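Right, one structure below, let's go through it.
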């Protein structure tokens, strides 16, 4: 999970494998992001445990636009290309 250090830089902290863990959490350069993978036609919104993870990420980074729910490779690729 991306975390912000006291000096303002980001680092990865190992997840405790609890419920709601994002399918993909990582960095593109210095930009942290989360991706939830869903089957086409399945529930669009993340579950409540996933919302906790998302809210924690937003609280720590302020980056609401770096969380994606992707139903296809094309959606994932478009999200990746849109990251700074």
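Checking the condition assigned to a loop (DSSP other than H, G, I, E, B), at pLDDT below 85 and over 22 Å from residue 72 (Cα atoms), which residue from 19, 40 passes?
Result of the check over 19, 40: 19.
Checked against (1) farther than 17 Å from residue 80 by Cβ; (2) touching a strand residue (DSSP E or B) at 6+ places or on another chain (Cβ under 7 Å), residue 55 passes all but condition (2). Before we move on, is residue 10 under 23 Å from residue 82 (Cβ atoms) and at pLDDT below 80? Here the answer is yes, as residue 10 does meet what is asked.
The values are calculated or read from the model by the stated rules, or taken from the named source; none is laboratory data. Everything quoted here is computed from the prediction, not taken from an experiment. Here the Cβ is made from the backbone with ideal geometry for all residues, glycine too, and neighbour counts use every protein chain on show.
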